[in-house]
Amino acid sequence: MIYLNGAFMPLEQAFVPVLDRGFIFGDGVYEVIPVYSRHPFRLAEHLRRLQCSLAAIRLDDPHSGEAWGELIGRLIEANPWQDQYIYLQVTRGAAERNHAFPEGVRPTVFMMSSPLTAPPESQREQGIAAITAMDNRWLRCDIKSISLLPNVLLRQAAVDAGAAETLLLREGFLTEGAASNIFVVRDGTLLAPPKNHLMLPGITYDVVLELAEANEMPCQVREISEFEVRSAQELWLTSSTKEVLAITTLDGRPVGDGKPGPAYRRMYAWYQDYKSTVMRAAGKR
Ligand code: PDD
């Protein structure tokens, strides 16, 4: 079951007009929210980021936080999986094609759910391969825009190279991954690029930094040079659907000793504990 503009219906029955500005211009924003045991994880934070994305593209939020929460709750219940992820997007609606904003047009609100499966044990145990590329996206990467063509091309470059993700470098510094945030471990310190217009402020990124702090893992949020990425002992990727994964080869060369490192293993365990604590507090699991 999906949600479209006020109604719940089977996916096969859902259609949007071809003049929707999401289709014509990529004029919209989105969120991806993981759901564990039917409980949306960090919902308030995802909705806050959605508000920021909407404000940045000058589109009024079609719903209050409470209304979003209720709709998301109904979508979760309408689908069969305990663990799911909600994809939601808001576009500027359907109007005659004209770059400037249309007047008096209702935004299109679409939400769907998919089963959320943890990355396979092999990826957990061996880590994943990544490549690097020049970050050739625009200068508002903090907006969770549905205009993802650069991200699509950058991720496909990884797949073409037999890798899982592309790390993006802008003017000699790490920004993020094609669809993830990236962490670096050097000399026992966790390094994270600062949140700014060059990267998406990841919800998982925040969780990882909070867990590092709570567990007294030394940690610095600062610009990270290409050299520091290439000579890191550990590299990690984070996202709502992948949680935390170790990157064990970069451009075909091993990262550290080529296995998920000790800092990664600790963070992975903290992350799972944290999830269990949150679910228990919500009366789940
Ligand atoms: N993408 N950076 C980019 C460019 C992303 O697309 C994502 C997530 C992240 C991580 O953010 P978070 O931890 O809030 O998921 C960072 C989602 C999962 C996607 O597009 O499917």
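The values are calculated or read from the model by the stated rules, or taken from the named source; none is laboratory data. These numbers were taken from a predicted model, which means no experiment stands behind them. Cβ placement follows ideal geometry from the backbone for every residue including glycine, while neighbour counts extend to all protein chains displayed. When the accessible area is computed, the model is the full protein with side chains, heavy atoms only, and any ligands, DNA or RNA have been set aside. Shrake-Rupley method; radii C 1.70, N 1.55, O 1.52, S 1.80 Å.
Take the Cβ atoms of S114 and E210, set R0 to 25 Å, and the FRET efficiency comes out at 0.40.
Loop-located trypsin sites (Lys or Arg not before Pro) in region 1-58 (DSSP state other than H, G, I, E, B) with a sparse environment of at most 11 neighbouring Cβ atoms within 10 Å: R58. Taking all protein chains into account, the per residue accessible area for region 2-115 stands at 50 Å² (1.4 Å probe). Compared with the direct C-alpha span, the chain from A100 to E226 gains 41.5 nm at full extension, assuming 0.36 nm per residue. When the solvent-accessible area of the chain is split by element, carbon and sulfur atoms take up 54 percent of it, the probe being 1.4 Å. Per residue, the convex hull spanned by the alpha carbons of region 2-115 comes to 95 Å³.
Counting only protein heavy atoms and a 1.4 Å probe, region 148-230 has 44 square angstrom of accessible area per residue.
Shown here are the Rg and Dmax of the Cα trace of region 66-174, at 18.5, 53 Å. Note on region 152-247: Rg/Rh from Cα positions, Kirkwood definition for Rh, rounded to two decimals, is 0.94.
For region 127-211, the list of chymotrypsin sites (Phe, Trp or Tyr not before Pro) that fall in a loop by DSSP and count at most 15 other C-beta atoms within 10 angstrom reads W138. Taking the square roots of five times each eigenvalue of the Cα gyration tensor of region 200-280, the equivalent ellipsoid has semi-axes of 23, 14, 12 Å, listed largest first. Within the straight-line cut-off of under 16 Å between alpha carbons, the aspartates and glutamates reachable from K275 are E45, D83, D206, E210, E243, sequence neighbours fewer than 8 places apart in one chain being disregarded. Sketch the reach of a paramagnetic label on F25 as a point 7 Å from Cα along Cα-to-Cβ, and name the residues of region 71-101 whose backbone nitrogen lies under 12 Å away. Those under the cut-off are 91-101.
Rounded to the nearest 10 degrees, the inclination of helix 262-281 to the longest alpha-carbon principal axis of the chain is 40 degrees. Taking packing as the residue-averaged number of other Cβ atoms within 10 angstrom, the listed peptides 145-158, 237-250, 23-36 run from highest to lowest as 237-250, 23-36, 145-158. With axes computed from alpha carbons, what is the tilt in degrees of helix 65-77 against the longest principal axis of the chain, rounded to the nearest 10 within 0 to 90? Orientation of helix 65-77: about 80 degrees from the principal axis. Between A44 and Q272, the contour length at 0.36 nm per residue exceeds the Cα-Cα span by 80.1 nm.
Within region 116-211, antiparallel bridges make up roughly 60 percent of the DSSP beta bridges whose residues both belong there. When peptides 255-266, 208-219 are ranked by their average number of other Cβ atoms within 10 Å per residue, the highest-first order is 255-266, 208-219.
Bridges between two residues of region 121-276, per DSSP, are antiparallel at a rate of about 65%. Its DSSP H runs of at least 4 residues, each contributing -39,500 (n - 2.57), put the calculated 222 nm mean residue ellipticity of the chain at -9000 deg cm²/dmol, to the nearest 500. I'd like the distance between the alpha-carbon centres of region 1-60 and region 224-285, rounded to an integer number of Å. So the two Cα centres are separated by 28 Å. Think of the chain as having a plus end and a minus end, set by charges on the Cβ of Lys, Arg, Asp and Glu; of A179, G162, S276, S276 sits farthest toward the positive end of this dipole. Between A157 and L11, the C-beta separation translates, for a Förster distance of 45 Å, into a calculated FRET efficiency of about 0.90. For the residue pairs K195/K259; K195/K242; K144/K259, the C-alpha atoms sit more than 23 angstrom apart in K195/K259; K144/K259. The charge dipole of region 121-276, taken about the Cα centre with unit charges on the Cβ atoms of Lys, Arg (+1) and Asp, Glu (-1), comes to about 260 debye, rounded to the nearest 20. What percent do you get for the relative contact order of the chain when only Cα pairs under 8 Å and 6+ apart count? Answer for the chain is 18 percent.
Here r is the Cβ-Cβ distance between R140 and D257 and R0 is 51 Å; the resulting FRET efficiency, rounded to 0.05, is 0.85. Bridges between two residues of the chain, per DSSP, are antiparallel at a rate of about 80%. Compute the projected area of the convex hull of the Cα atoms of the chain, averaged over all viewing directions, and report it in nm² to one decimal place. For the Cα atoms of the chain, the hull's average projected area reads 15.3 nm².
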